[in-house]
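J.: Below is a structure I'd like to ask you about.
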Amino acid sequence: MIDDLELSFEDDYDKGRHRRGRGGRPAPRRPRKRRGRSFMALFVTLVLLAGLGAGGWYGYTKVRGYFTVADYAGAGTGDVNIQVAGGDGGTDIANKLVVAGVVRSAKAFVNAYNANPDAQKVEPGLYKLHKQMKASLAMAALLARDKDGRLLNKAANTITVTEGMISLQIFDKLSKASNIPIDDFKNAAKDPVALGIPDWWFKRQDGKQVTPSIEGFLYPATYEFDPGTDATTMLKRMVQQFLTVTGDLKFADTVQPLGLSPYEGLIAASITQVEAVFPEDMAGVARVLYNRAFKNFDCHCLGLDSTVNYWLRVTGKEALDSGQISTQLMHDPNNPYNTYDKPGLPPGPISNPGKDALTAAMSPAASGNYYFLAIDKAGHTAFATNMSDFCAKTRQAKANGVSIGTC
């Protein structure tokens, strides 16, 4: 028993030596520990930890997604065009912006749209924006305007048609702004009815024949046309504006009790627009036109230099000051717009009138005047009831520096 205890002690004491058992037989070897199992356990542990970490990160990002919206941080770079259609809401615009790479997520833009009190003021059109914009900045870019109220980022051709311009001037202006040949506009204008003008506009009460023309129907205003808009579409838009304005004014209904067709009223408005510089003089000018054409006036002739000048311009010549218009030009029998010898209103409008002139033609001033003239260089209008008074005022106008013939 003691020997057994001693042997056990020895075995523990001298583990590294070759030992023998009793009777000289080698002692049985203890099985070796397998290191592979340890590595496998470590590997499994690491895999489990990695899985737990990845799962945690995935869970974190999913949870974060419920509380944050993907959005870019800055004002973006580069340019991209976005078409906003009529009737587009926040979601419609958002989807277009995402596809074009302007904003990172539709949700970010919809949030910015809903948070902006002016969001409903986004206008249809083509906009130039940047890629990778913060959604709120993209929203602001769609609304940004300059000091004159024009949209800063709208990629459009802006054309201003002023009162009194004739169609050829308008075609030239449209052509230069759009790089569309001027002949495209001339060709499109050959069929005014196809541009949207109802055919009842081209009728007269005085029995004169009407050759339909676009003149008078291109309403003076500032227009924005998207790049690529063709000539026909541009003219249709201007005609529609004319119809909207005259419809709101009830122009056709108002001039007919005066014994005029709407077309004759438009002719009077077009002359009034050219002859009167200041709106306050327009109703008086319209009254003189009606008195001459339809009341007791010698030959019922309007006797206007402005109609002579219109014919000069549409036939490729330069307009002249009143003092430069010769007697031959005034009485040219080949000029259909000769109002010195041909009675009544001329064949058609001689300009494109604005709202003030249209209103004056609808509501002419009550007077017995048969004459008017520019009395000073600023263009203020003087009126006269008879030739003697008119001649006195022509001399006054000449003294004021106005280029005018005297009696």
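J.: T211 versus Q328, label points 7 Å from Cα toward the beta carbon: distance in nm?
T.: Rounded to a tenth, the inter-label distance reads 2.4 nm.
J.: On a straight-distance basis, which lysines could pair with K250 in a cross-link, Cα separation under 26 angstrom, same-chain partners fewer than 8 positions away excluded?
T.: Cross-link targets: K203, K208, K236, K295, K355.
J.: In addition: Once label points are set 7 Å from the Cα along Cα→Cβ at both N187 and A399, what is their separation, rounded to one decimal in nm?
T.: 5.8 nm
J.: Using the Karplus curve 6.51 cos²θ - 1.76 cosθ + 1.60 with θ = phi - 60°, work out ³J(HN,Hα) for each residue of segment 141-150 in order, rounded to whole Hz, and write x for Gly and Pro.
T.: 5, 6, 10, 4, 10, 8, 5, 8, x, 7
J.: Continuing with this model, one more query. Would you mind estimating how fast segment 77-155 diffuses translationally, via Stokes-Einstein at 20 °C and 1.002 mPa s with the Kirkwood radius over Cα pairs, in µm²/s? Before the final figure, lay out the partial values.
T.: On the way: Rh = 12.2 Å.
Estimated diffusion coefficient is 176 µm²/s.
J.: Hey, another quick one. So which trypsin sites (Lys or Arg not before Pro) in segment 227-290 are both in a DSSP loop and have at most 16 other Cβ atoms within 10 Å of their Cβ?
T.: Values: sites: K236, R237, K250, R287; in loops: K250.
Hits after loop and neighbour filter: K250.
J.: In addition: Quote the charge dipole size of segment 77-155 about the Cα centre in Debye, to the nearest 20; the model charges only the Cβ of Lys and Arg (+1) and of Asp and Glu (-1). Mind dumping the intermediate values first?
T.: Details: 11 positive and 7 negative charges, 43 e Å.
I would put it at about 200 debye.
J.: Could you tell me the distance between the Cα centroids of segment 80-141 and segment 326-343, to the nearest Å?
T.: Cα centroid to Cα centroid, the span is 59 Å.
J.: Give me the one-decimal nm value for the distance between modelled label points at K295 and D79, 7 Å along each residue's Cα-to-Cβ direction.
T.: Distance between label points: 5.9 nm.
J.: May I ask you to list the trypsin sites (Lys or Arg not before Pro) in segment 313-407 that are in a DSSP loop and have at most 15 other Cβ atoms within 10 Å of their Cβ?
T.: On the way: sites: R313, K317, K355, K377, K393, R395, K398; in loops: K317, K377.
Answer by residue number: K317, K377.
J.: Still on this structure, please answer the following. Just subtract the alpha-carbon distance of K377 and R150 from 0.36 nm times their residue separation and send over the number in nm, one decimal. Don't skip to the answer; put the middle values down first.
T.: On the way: separation 227, 0.36 × 227 = 81.72 nm, distance 3.34 nm.
In short, 78.4 nm is gained.
J.: Out of the chymotrypsin sites (Phe, Trp or Tyr not before Pro) in segment 233-333, which ones are loop residues according to DSSP with at most 16 other C-beta atoms within 10 Å?
T.: On the way: sites: F242, F251, Y263, Y290, F294, F297, Y310, W311; in loops: F297.
Listed in order of number, the matching sites are F297.
J.: Okay, next question. Quote the FRET efficiency, to the nearest 0.05, computed for T232 versus A119 with a Förster distance R0 of 41 Å and r equal to the Cβ-Cβ distance. Please report the intermediate quantities before stating the final value.
T.: On the way: r = 33 Å, r/R0 = 0.81.
Given R0 = 41 Å and the Cβ-Cβ separation, E is 0.80.
J.: Which whole-number percent gives the relative contact order of segment 77-155, counting Cα pairs below 8 Å spaced six or more residues apart?
T.: Values: 126 pairs, mean separation 28.1, N = 79.
Value for segment 77-155: 36 percent.
Every number here is computed from the coordinates shown, using simple stated rules; none is lab data. Worth saying up front: this structure is predicted, and the values here are computed from it rather than measured. Don't worry about glycine lacking a Cβ; one is built from the backbone with ideal geometry, like all the others, and counts go over all protein chains shown.
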